[in-house]
Ligand SMILES: Cc1ncc(COP(=O)(O)O)c(C=O)c1O
């Protein structure tokens, strides 16, 4: 019997594990770990305590707030720390809707948002709010004119993802923000995948609210933030001791926040060089796959995409099979976002850009990061054509590919 794994035995020996799923989560940078450690033991105070332990923790919190705000051109007092971007995004949609419902009941989103926006919007619909889901083009871009046309007098908020976690397409955020500003509507962007990877300036880009998450940028899990422009009316969803200026009650996760801030400091210094290096590797991978694998198609925009994102769909191959075969060779990849890849449903993002369900099922996402090496990309380019060829041979579609 033909054994898939055996045919790669020789290659497998030459490599250790290769992580190409940085969009799902990133390892914590050792410099971040070092910055966090003292806050687990000696500097463990509660930021609400009046004694010196508490004040030491409070000082670390405020210094961290400054570092995080710095990476997006905001003021420190416009940053609310949360436990995840899922929480930040829930807070935006529900908090804006309920704080401003005397003004209207309409919210605009795109069809390619992360499930935490999509599901929050669905929940708000059940509470009587009206949601407009815009269309996107074949690259996954929102047309700013569609935003303009969809805004009406009842509109409270427009929420458009900055760069999609699945296909990496970057949205014309500055133009959309300008329209919202002119129309007097709040503008939120989910910048989880872009923050720390490409420059963001909330003032230049006309952003009123922005979500970012530490574990997508070499910081620890369980910590994120929401930028809220001064003057924006938002209702908290967690009530309690009044931490984070009353917007997010809960004992503050000081070690996590210190780590997030350190990750932002590193990103500010290294983003330019890192993004140039990743873009080169990304382009090499895209070019190599499209050249060497027949029936391979790039998902997302060819140039307006995150420096680390690669996403294809392959004719007559199933995404999950590719991920499993790559994993057997020590390569960690994904079919879509980490949250939805376990569902076995075609990705809502790929359907929104016009793929048919069977095409969407043939997708593969490879996301690069700080420690991706050229030899790892070369290795993927070497084994992927062989994997696709063999999967096609056993494909129920029975199409023969040379
Ligand atoms: C675009 C986007 N938004 C939100 C989230 C949720 O982030 P968190 O894991 O911090 O809840 C993710 C995570 O994959 C994401 O990629």
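Helix 85-99: angle to the longest alpha-carbon principal axis of the chain, degrees 0 to 90, nearest 10?
Orientation of helix 85-99: about 50 degrees from the principal axis.
Residues of region 46-66 with amide nitrogen under 15 Å from the 7 Å Cα-to-Cβ point of residue 251?
Inside the label zone: 46-51, 53-55, 57-58.
GNM on the chain, C-alpha springs below 10 Å: top fluctuator among 334, 275, 250?
Between 334, 275, 250, it is 250 that shows the largest mean-square fluctuation.
Assuming a ≥ b ≥ c are the square roots of the Cα gyration tensor eigenvalues, decide whether the chain counts as rounded (a/c under 1.5), prolate (otherwise, with a/b larger than b/c) or oblate.
oblate
If each residue of separation counts as 0.36 nm, what is the full-extension length gain between residue 40 and residue 304 once their alpha-carbon separation is subtracted?
Details: separation 264, 0.36 × 264 = 95.04 nm, distance 4.07 nm.
Residue separation times 0.36 nm, minus the Cα-Cα distance, leaves 91.0 nm.
Percent antiparallel among DSSP beta bridges with both residues in region 71-182, to the nearest 5?
Percentage antiparallel, nearest 5: 10.
For the ranges 163-174, 67-78, what's the packing order if you count other beta-carbon atoms within 10 Å of each residue, average per peptide, and put the highest first?
Packing order, densest peptide first, comes out as 163-174, 67-78.
If I model a spin label as a point 7 Å beyond the Cα along the Cα-Cβ vector, how far apart are those points for residue 393 and residue 125 in nm?
The two pseudo-label positions are separated by 4.6 nm.
What does the highest-first list of 108-114, 233-239 look like by mean Cβ count within 10 Å? It would help to have the intermediate numbers written out before the result.
On the way: 108-114: 23.9, 233-239: 15.9.
Packing order, densest peptide first, comes out as 108-114, 233-239.
If I build a Gaussian network model for the chain, linking alpha-carbon pairs within less than 10 angstrom, which residue out of 364, 157, 124 has the largest mean-square fluctuation?
The residue that fluctuates most here is 124.
Compute the acute angle (0 to 90°) between the alpha-carbon long axis of helix 374-393 and the principal axis of greatest extent of the alpha-carbon atoms of the chain; round to the nearest 10°.
Rounded to the nearest ten degrees, it is 60.
Per 5 Å bin, what is the whole-percent P(r) computed from every C-alpha pair distance within region 89-173?
3, 15, 28, 24, 18, 9, 3, 0
Calculate how steeply helix 319-328 sits against the longest principal axis of the alpha-carbon atoms of the chain, using the helix alpha-carbon long axis, and give the answer as 0 to 90 degrees to the nearest 10.
With both axes taken from Cα atoms, the answer is about 80 degrees.
Neighbour counts of other C-beta atoms within 10 Å: give me 48, 118 arranged from fewest to most.
48, 118
What residue among 125, 66, 318 shows peak mean-square fluctuation when the chain is described by a Gaussian network model with Cα springs under 10 Å?
The residue that fluctuates most here is 125.
May I ask what percent, to the nearest 5, of DSSP beta bridges between residues of the chain are antiparallel?
55 percent
Any read-out appearing in this document is the output of simple, stated calculations on the displayed coordinates, not a laboratory observation. Please read all numbers here as calculations on a predicted model, not as lab measurements. Using ideal geometry, Cβ is built from the backbone for each residue, glycine included, and neighbour counts are taken over all protein chains shown.
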